[in-house]
Amino acid sequence: MAQPRIVVDGYNLIHAMPELARLVGSDLERARDALVAKLAVYRSGRGVRVTVVFDGRRQAAPQTRPPSGIEVVFSRAPQNADAKIKTMLSLEKSPRSWTVVTSDNSIVLYARDFGAKTVPSAEFAAKLGPSIPRLGPNRPVEQEAPLTPSEVLEWEEYFRKGRQDPGGRQ
């Protein structure tokens, strides 16, 4: 029996995750790296291979290698990620061991024709969890800082006093 494999429609999954989708316009590489890191955490302890497929080609050499058990594939023009996933499926000897993560109906139907399982991107995103993992020692993900104790007190006072702005404005 073939080792189970999860094949991810990369940008489709990124857009199903608000914390990653908002990075797409400003730092696409960071969004991809964060997704790969989340997939590595998900994969740990599971006996599966994970392949994530992105449209296009990597613009620069990767700064780090993907974690063990995670394969990152970029399609080459004129092929996009959808076509790449379909080609991979058609060449696979054991497509029934695959789970394809996408919300793209054409890929879903194609995968099912080959006996592969499919999972909608939003459903799989929920399995990955809401937080963005750190992206290496010098690339922490920016997150909103928690409120300080004095800020908590100001907001408690705000709600007690009829919603007057903590700075005294109404």
Item to check | Per-residue ³J(HN,Hα) for region 119-128, Karplus 6.51 cos²θ - 1.76 cosθ + 1.60, θ = phi - 60°, Hz, x for Gly and Pro | outcome: 9, x, 4, 4, 5, 5, 4, 5, 5, 7
Next on the checklist: What does the extension gain come out to for Gln3 and Ser150, with contour length at 0.36 nm per residue minus their alpha carbon separation?
Outcome noted: 47.6 nm
Item to check | Neighbour net charge for Arg49 - beta-carbon separation under 11 angstrom, K R +1, D E -1 | outcome: +2
Checklist entry - What lysines could a cross-link reach from Lys86, if we take a straight Cα to Cα line under 18 Å and drop same-chain neighbours fewer than 8 places away? => result Lys117
Checklist entry - Leaving out same-chain residues fewer than 8 places away, which aspartates and glutamates sit with a Cα under 15 Å from that of Lys84? => result Asp9, Asp55, Glu71, Glu92, Asp104
Checklist outcome for this item: Any residue on another chain or 5+ positions along whose placed amide H is under 5 Å from the amide H of Val101 is listed here as Val7, Val8, Asp9, Val119
Item to check | 3J(HN,Hα) from dihedral phi, region 74-89, Karplus parametrisation 6.51/-1.76/1.60, rounded to Hz, x for glycine, proline | outcome: 10, 6, 10, 4, x, 7, 9, 4, 4, 5, 4, 4, 4, 5, 4, 4
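Read the figures in this text as sums done on the coordinates, not as results from a lab. Keep in mind that this is a model prediction, so the values were computed, not measured. Cβ atoms come from the backbone with ideal geometry, glycine included; neighbour counts cover every protein chain shown.
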